[in-house]
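Working notes, structure below.
Computed from the coordinates by the stated procedures, all read-outs in this text should not be read as laboratory data. Source: prediction; values computed, not measured. Cβ: placed from backbone, ideal geometry, glycine included. Neighbour counts: every protein chain shown.
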Ligand SMILES: NC(=O)c1ccc[n+]([C@@H]2O[C@H](COP(=O)([O-])OP(=O)(O)OC[C@H]3O[C@@H](n4cnc5c(N)ncnc54)[C@H](O)[C@@H]3O)[C@@H](O)[C@H]2O)c1
């Protein structure tokens, strides 16, 4: 049987009611889908429904939807603790349980046994293998990654990930559903660890960590430069705190295992914080103190770190992704702009600045610090050799007429 098409998707099941799950369920229900919300316990379901009510009310207060629409959205959500109830009559299942491959494989397998054969099973994993989850089912062609960004009710981006067994029809349906939800989907063509956005982010985090640990600039100097010179919404250390020091630690280890030398992490910086339960914003302290709100980063410290180095490693990683056919430059740029609020994507930044300029920057830093992070990618060197240096040449990552 073919995978479900967008027109056939009416009932959706969301599994997991944590930080992400309840916001995802809310987004589907507000857009008119019938939603089964599945959790392990009645308590967590009650908590999730309260959180959804609170969030939907915020939308009403701000004029995003009216009271009747809010009531209708709430009435479309069916909370349950029973897999059978949640998955017997459903067209799309999205799991958002804890980030653990064994658990996610179990969930995929359980759903596969209950859900109708046309149903698509998707995962909100940030780092794990979509292919492995697909293999836990008898329908790998109808499994995919659908990676949302926090908070799911507001952030426009969704990364859609093709596992090794995922069919093109399934990808089309997930892309279409994402659009129907008012989101902008970007396609990650391969099940490569870190997908698109996390891969670029961890590269710039590593650059900040290495720079700091070599004593070239302080944490505040790096962050002030990133914010006030680079125009990024947050400094890199601030952003690690915001995401969670433990999450960054896990993801950076996974990326190192998957992509090798280029992602050599500086775990010495994050490990002690994790041991002391200083996980960032969520525990009140991380690299910064968050107990009184967002950390204050003095603007007069800006300029003591070369922001172009962050751009250079971001561009280099984007080039690796294009070379490995993981993503198109358009998707990478959109991902960084919508997922993390960057003013420019790395590919368009490189095209404007000149790929030759970026390459020289990488070569200079690499000659001083010969670690994989700074080693220019073959694709970048190849483009420059061909004269594809960006806007000025009419072609770089993008084409210009
Ligand atoms: N937090 C983020 O910023 C973010 C962003 C994008 C994607 N994700 C991904 O979303 C998923 C969920 O993350 P989260 O931040 O919402 O986590 P969370 O810890 O807030 O929630 C995890 C949920 O999984 C449920 N769960 C745990 N074990 C279970 C089991 N055995 N059976 C059924 N449910 C179980 C928990 O009850 C909880 O509701 C993860 O895969 C994560 O990587 C997280």
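Relative to the present Cα-Cα distance, how much length would full extension add between residue 399 and residue 253 at 0.36 nm per residue of separation? Can you show the working numbers first?
Details: separation 146, 0.36 × 146 = 52.56 nm, distance 3.53 nm.
Taking residue 399 through residue 253 to full extension adds about 49.0 nm, to one decimal.
Using just the Cα positions, wrap region 3-77 in a convex hull and report its mean projected area in square nanometres, one decimal place.
5.3 nm²
Given the Cα-Cα distance of residue 103 and residue 391 and 0.36 nm per residue of separation, how much length would full extension add, in nm?
Result: 99.0 nm gained on full extension.
In nm, to one decimal, how far is the residue 371 label point from the residue 81 one, both placed 7 Å along Cα→Cβ?
Between residue 371 and residue 81, the simple spin-label model gives 4.8 nm.
Highest first, please rank the peptides 157-166, 70-79 by the mean number of other Cβ atoms sitting within 10 Å of their residues.
Working: 157-166: 22.7, 70-79: 16.8.
Taking the mean over residues of other Cβ atoms within 10 Å, the ranking is 157-166, 70-79.
DSSP beta bridges in the chain, what fraction antiparallel, as a percent rounded to 5? Provide the component values of the computation, followed by the final result.
Working: 8 of 33 bridges.
Counting DSSP beta bridges with both partners in the chain, the antiparallel share is about 25 percent.
So, in nm, how far is label residue 330 from label residue 6 when the simple model puts each one 7 Å beyond its Cα toward the Cβ?
Rounded to a tenth, the inter-label distance reads 1.5 nm.
When you count, for each residue, the other Cβ atoms within 10 Å and take the mean per peptide, how do 238-246, 262-270 rank with the highest first? Please report the intermediate quantities before stating the final value.
Values: 238-246: 23.3, 262-270: 18.0.
The densest-packed peptide leads the list: 238-246, 262-270.
So what is the relative contact order of the chain, in percent, for Cα pairs below 8 Å that sit 6 or more residues apart? The partial results should precede the final answer.
Working: 754 pairs, mean separation 48.2, N = 401.
With pairs under 8 Å counted, the relative contact order is 12 percent.
How many percent of Cα pairs in region 76-196 exceed 20 Å? All intermediate terms of the calculation are to be shown ahead of the outcome.
On the way: 2725 of 7260 pairs.
Result for the distance tail: 38 percent.
Using Cα atoms only, what is the angle between the long axis of helix 101-114 and the major principal axis of the chain, expressed in degrees (0 to 90) to the nearest 10?
30 degrees
Could I have the simple spin-label model distance between residue 277 and residue 264, label points 7 Å from Cα toward Cβ, reported in nm to one decimal?
Reported label-point gap for residue 277 and residue 264 is 3.5 nm.
Which residue, 179, 190, 386, has the most motion in a Gaussian network model of the chain that connects Cα atoms within less than 10 Å?
Among 179, 190, 386, the largest GNM mean-square fluctuation belongs to 386.
Going by alpha carbons, how many degrees (0 to 90, nearest 10) lie between the helix axis of 245-259 and the longest principal axis of the chain?
Helix 245-259 and the main axis of the chain meet at about 80 degrees.
Hey, if you drop one equal point scatterer on each alpha-carbon of the chain and run the Debye formula without solvent, what base-10 log of I(q)/I(0) do you get at q = 0.13 Å⁻¹?
-1.13
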